[in-house]
1. Give the range 123-168 a look and list any residue that's farther than 27 Å from GLN96 by Cβ, surrounded by fewer than 16 Cβ atoms within 10 Å (Cβ to Cβ), free of Cβ contacts under 8 Å to residues at least 60 places away in the same chain and not small (Gly, Ala, Ser), or say none.
2. Considering (1) surrounded by 14 or more Cβ atoms within 10 Å (Cβ to Cβ); (2) over 16 Å from THR160 (Cα atoms); (3) away from the ligand (no atom under 16 Å from the Cβ), say which one PRO7 fails and leave the rest.
3. Taking LYS102, is it at pLDDT 95 or above, open to solvent by 10 Å² or more (accessible area, probe 1.4 Å) and not assigned by TED's automatic domain parsing to the domain that holds SER127?
4. What's the total number of residues in the range 169-193 that are open to solvent by less than 60 Å² (accessible area, probe 1.4 Å) and outside any helix (DSSP H, G or I)?
5. Right, GLY126: touching a Phe, Trp or Tyr at 6+ places or on another chain (Cβ under 9 Å) and on the phi > 0 side of the Ramachandran plot or not?
6. State which residue pairs qualify: first residue open to solvent by 30 Å² or more (accessible area, probe 1.4 Å) and inside the range 42-60, second residue of a type in the set (Ser, Thr, Tyr) in any location, beta carbons under 7 Å apart, and separation of 6 or more residues or different chains.
7. I want to confirm something. Restricting to the range 14-41 and keeping residues that are of a type in the set (S, T, N, Q) and within 14 Å of the ligand (Cβ to nearest atom), which single residue is farthest from LEU54 (Cα to Cα)?
8. Which pairs do you get when a residue that is over 11 Å from CYS161 (Cα atoms) and open to solvent by 10 Å² or more (accessible area, probe 1.4 Å), found in the range 75-90, comes within reach of a residue that is part of a loop (DSSP other than H, G, I, E, B) and small (Gly, Ala, Ser), reach meaning Cβ atoms under 7 angstrom, with the pair 6+ apart or on two chains?
Amino acid sequence: MAFTLPPLPYGHDALEPYLSERTLDFHYGKHHQAYVTNLNTLLLDAPDLAASTLEEIIIHTAQAPSKSGIFNNAAQVWNHTFLWNSMTPNGGGEPQKALALKINEDFGNFSEFKNAFKQAGITQFGSGWAWLVVENGKLKITKTSNADLPMIHGQVALLTCDVWEHAYYLDYQNRRPDYLEIFLNHLANWRFAEENFLKAIK
Ligand code: MN3
């Protein structure tokens, strides 16, 4: 069964002025779509994975060098769907309730969290992702390269920011720190992160 590009949870222009319609046209319409298309093509030669879910494919191929093409495209399909949900029009601000308390407990305060998340995104050399995750009951900030993602490291993702250049270059060129600041101040979807947190600690 072929995978399809999941619908964006908002319009291509809904994140203006922080991320342009042009960026969403390319990032969602071209990049995300290409990962879906490439994955479906590669799966034609992997009948053993034909009945698997996206998550099963990712876990199954993560440690198999001969399946790195499938892993990279499957993980990027998952990462981008997670990314679109990690942002929302009128986002930013601070989380509420249980997640707010847990951030204070594990990072000191929200400002410390913000600095650490931003720093993770800035210092990810080359393409990759900054993440807020839960690992062994504790919140943690991580960064991953290329298509790598928390689920293959025993972590549950709560929120992510894509720091591949295609995510921000049309709007921010080389200014990745500005993009990360805007992400945290205006785009981050804390409601989504809270839902993921409550599921993760159940
Ligand atoms: Mn991307």
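The values are calculated or read from the model by the stated rules, or taken from the named source; none is laboratory data. Note that the coordinates shown come from a computational prediction; the quantities given were computed from them, not determined experimentally. Cβ: placed from backbone, ideal geometry, glycine included. Neighbour counts: every protein chain shown. Calculation scope for accessible area: heavy atoms of the full protein, side chains included, ligands and nucleic acids excluded. Shrake-Rupley method; radii C 1.70, N 1.55, O 1.52, S 1.80 Å.
1. Within the range 123-168, THR123, PHE125, HIS153, GLU165 meet the criteria.
2. (1)
3. Against the criterion (at pLDDT 95 or above, open to solvent by 10 Å² or more (accessible area, probe 1.4 Å) and not assigned by TED's automatic domain parsing to the domain that holds SER127), LYS102 does not qualify.
4. Total meeting the criteria: 2.
5. Working: touching a Phe, Trp or Tyr at 6+ places or on another chain (Cβ under 9 Å): yes; on the phi > 0 side of the Ramachandran plot: yes.
Criteria met by GLY126.
6. Filtered contacts from the range 42-60: HIS60/SER52.
7. This residue is THR23.
8. Filtered contacts from the range 75-90: PRO89/ALA14.
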